[in-house]
1. Could you count how many residues in region 242-262 are within 13 Å of residue 215 (Cα to Cα) and without any contact (Cβ under 8 Å) to a residue 12 or more places away in the chain?
2. Is it the case that region 70-85 has a residue that's farther than 19 Å from residue 169 by Cβ, touching a residue at least 40 places away in the same chain (Cβ under 8 Å), more than 16 Å from the chain's Cα centre (by Cα) and assigned to a helix (DSSP H, G or I)?
3. Being part of a helix (DSSP H, G or I) and surrounded by 19 or more Cβ atoms within 10 Å (Cβ to Cβ) is the filter here; which residues of region 96-124 pass it?
4. Considering region 175-211 alone, what residues qualify as being modelled with pLDDT of 80 or more, out of contact with any helix residue (DSSP H, G or I) (no Cβ under 8 Å at 6 or more places or on another chain) and not in a helix (DSSP H, G or I)?
5. Taking residue 75 and the conditions (1) at pLDDT below 95; (2) crowded, with 23+ Cβ neighbours inside 10 Å; (3) touching a helix residue (DSSP H, G or I) at 6+ places or on another chain (Cβ under 8 Å), which numbered condition does it fall short on, given that it satisfies the others?
6. Tell me which of these residue 214 doesn't satisfy, since it passes every other one: (1) part of a strand (DSSP E or B); (2) within 14 Å of the chain's Cα centre (by Cα).
7. Answer with yes or no whether residue 321 is at pLDDT below 90 and surrounded by 14 or more Cβ atoms within 10 Å (Cβ to Cβ).
């Protein structure tokens, strides 16, 4: 028997797409820090759920605005047909450079979502919201008759088809949903309609918004405090809930978050009711300090960067030192 060794051919290496290593800011400094990665992930599905008036659409608009600021393109699929262009501009969104579509049914919305994702030119796409979209079959059924849930299966197939597409093109897809309420009450519905679980399984990040209190200016209600729960996050541990200040005229109050976190980490000094940053007087109270930073965005950006550096340093110092091997 010949003992000559037969060379073994190397198996072809499987194709591995590049990781979606970039993130888009959420427009909230607190939320970016809580997510642990600086925002929502590009190349992934993100579910934003909550009850009516909890700020789901506002958060989507802020994320799209941050995607535009980073040089990317954004699209908004308005299933509710209720996009307020004036408020969107106050949230920082450039509506003139925003791709907007108002679908008539879920089939059209999924077709548009697939077409936009396959172009590879968009940094973020928002679909607001899934619950507002009937199917074409439902539209043909007379009023009063039972309507089959056909949209769930279509959503499941579309998400499965788009998963590698958005991962390859590094497009963040935001989808809003109403709050599920008590999970135990809908257990049997989920068991009989697995399509409703598709978004929860495909989403890399899931956020739940819930209003808990109002913000007042004197006797006038000017906003709401929104408690945000991170239900799922593939990139960092899910931290405790955080609270966002949602102003009715301008969206998320990021400047107020910068001041509060600056005081918390010791960068800002509140001396004799005076807010001081590196010897610079920002104002005599919180409102004056917010107004000053809004008028001087470079100062706000510098303060935000310092906050990130301080928090990053404190997190790295709290990690245990590595043990050298034998």
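1. Selection size over region 242-262: 0.
2. Looking through region 70-85, none of the residues is farther than 19 Å from residue 169 by Cβ, touching a residue at least 40 places away in the same chain (Cβ under 8 Å), more than 16 Å from the chain's Cα centre (by Cα) and assigned to a helix (DSSP H, G or I).
3. Taking region 96-124 as the starting set, the residues that turn out to be part of a helix (DSSP H, G or I) are 96-97, 106-119.
Hits for region 96-124 are 106, 109, 110, 113, 116, 117.
4. 203, 204, 208, 210, 211 - these are the residues of region 175-211 that are modelled with pLDDT of 80 or more, out of contact with any helix residue (DSSP H, G or I) (no Cβ under 8 Å at 6 or more places or on another chain) and not in a helix (DSSP H, G or I).
5. Among (1) at pLDDT below 95; (2) crowded, with 23+ Cβ neighbours inside 10 Å; (3) touching a helix residue (DSSP H, G or I) at 6+ places or on another chain (Cβ under 8 Å), residue 75 violates only (1).
6. Only one criterion is unmet by residue 214, namely (2).
7. no
The values are calculated or read from the model by the stated rules, or taken from the named source; none is laboratory data. Just so it is clear, the model here is predicted, and its values are computed rather than measured. Please note: Cβ atoms are built from the backbone with ideal geometry, for glycine as well, and neighbour counts cover all protein chains shown.
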